[in-house]
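Colleague: The structure follows.
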Amino acid sequence: MTMSTVAPPDEDIQVPVPELLGRLLDLNGSDLHLTAGTPPTVRIHGELERLEDYPPLAPRSLQGMIYAILPQKMRERFEQELELDMSYSLPGRARFRVNVFMQRDAVGAVFRVIPFDIKNIVDLGLPPVAADLARFPRGFVVVTGPTGSGKSTTLAAMVDVVNTERSGHIMTVEDPIEFLHKHKKCVVNQREIGADTHSFASALKHVLRQDPDVILVGEMRDLETISTAITAAETGHLVFATLHTQDAPQTIDRIIDVFPPHQQQQVRVQLSTTLQGVVTQQLIPTVDGQGRVAAAEVMIATPGIRNLVREGKVHQIYSAMQAGGRYGMQTMDMSLASHVKAGRITQQMAFERCHDPEELQRLVGSSGGLSAFSSGGSSLGGDDASSWATGSFGTSDGFGSSGSTGGM
């Protein structure tokens, strides 16, 4: 990030937010930061850069800029809660996920780009088996990773697989709605927290009465939401959800640990029968610095994995994944090593993001280390697992949308 000294802010200067968002898109950036006391700042290829041709933003001017794009209802909600999640659109160009907040008694905001087009799984650089997870008629599929790793993008691609390939009713609960899904073979209803429902738990409490075939939970934040999601999967629905976990074993532990100790064995049994797979991903800067590629870990709920979950032997799952190439399974270290070997990312970056440095060294240093993975196709119908590593999420993390109604 450029750290040059900035001039004092001018209270009378207001820059239209749509102008700044257009500049963000022109620069192929992923995020716009508006903070009092500094010029507008954008994230490009993962790095923050100030837009030095704009003046520092004064608190009063910044509040006026942000309030200019908020409907009255949103302003009132923000002033009451001091936090606001919403979506915003530049018609014909892109949509944005927006968070408005208070800091040091001044309004601030961050805008994240959501391009209009929903990319498919392979174009995102994810293994084809990730699309196969969307072809199950029922069960529980969890996409995990840190903030900004493209989880919403992957979920949108999975939902689009369902929407394109079979008829049904898709219900999503999101905060906010990011990707707008067209009605293809499915009827798609998308509900936004705050605008269409009060909370994830409230929406999920009623969703089973809405005749869904597929349910997307934007984020599992509490026991009630997780419990309802598992129950929905158990009663014959395909449920997609996200968590901020770093690998498949941690994901299973996180879900189980939310429950009181006396319920955890029952949840293990439920999870062992409903879980279909876990996809964990992170975005890695490319060697040329012009984009990012997706490194992904995939766990498929084979009979062996289900037994480990049921018996509480989650610590053994990673070893099962290492040996599960024929099922389409893939550890994060295998994914990182494949990118290093293909020259897409540096070894240094791979080691910074790996699960086991010794295992990564073995995979990078020996062509045989990746042979089991590269030659093992997915038993769920995916292509050769080595073929997926060529895709890229680009600088905007691949966030996209199939259409827009414009406005908010």
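Colleague: Counting only other residues whose beta carbon sits under 11 Å from that of ASP333, what net charge do I get with K and R as +1, D and E as -1?
Modeller: -3
Colleague: Would you tally the net charge around ARG362, using a Cβ to Cβ cut-off of less than 14 Å, leaving ARG362 out, and scoring K and R as +1, D and E as -1?
Modeller: Net charge in that neighbourhood comes out at -3.
Colleague: Helix-only mean residue ellipticity at 222 nm, the chain, DSSP H runs n ≥ 4 weighted -39,500 (n - 2.57), per residue, nearest 500. What is it?
Modeller: -9500 deg cm²/dmol
Colleague: Summing +1 for each Lys or Arg and -1 for each Asp or Glu, what net charge is found among the other residues whose Cβ lies under 12 Å from the Cβ of GLU83?
Modeller: Once positives and negatives cancel, what remains is -3.
Colleague: While we're on this one: Which order do the peptides 289-296, 79-86, 189-196 take when ranked by the mean count of other beta-carbon atoms within 10 Å per residue, highest first?
Modeller: Packing proxy ranking, top to bottom: 289-296, 189-196, 79-86.
Colleague: Under a GNM of the chain (C-alpha, springs under 10 Å), which listed residue has the highest mean-square fluctuation: HIS183, HIS169, HIS244?
Modeller: Looking only at HIS183, HIS169, HIS244, the largest GNM fluctuation is found for HIS183.
Colleague: Considering the dipole of segment 128-390 built from charges on the beta carbon (Lys and Arg +1, Asp and Glu -1) around the Cα centre, which of VAL279, GLN361, THR144 is farthest to its positive end?
Modeller: VAL279
Colleague: Place a +1 charge on the Cβ of each Lys and Arg in segment 17-114 and a -1 charge on the Cβ of each Asp and Glu, then give the dipole magnitude about the Cα centre in debye, rounded to the nearest 20.
Modeller: Dipole about the Cα centre, nearest 20: 240 debye.
Colleague: Give the value in nm², to one decimal: projected area of the alpha carbon convex hull of segment 128-390, averaged over all directions.
Modeller: Taking a quarter of the hull surface, the average projection is 13.6 nm².
Colleague: Looking only at segment 128-390, where both bridge partners belong to it, what percent of the DSSP beta bridges are antiparallel (to the nearest 5)?
Modeller: The antiparallel fraction comes to roughly 25 percent.
Read-outs: derived from the displayed coordinates by stated rules, not from any lab. Not measured: the values here are computed from a predicted model. FYI the Cβ positions are ideal-geometry reconstructions off the backbone, even for glycines, and counts take in every protein chain you see.
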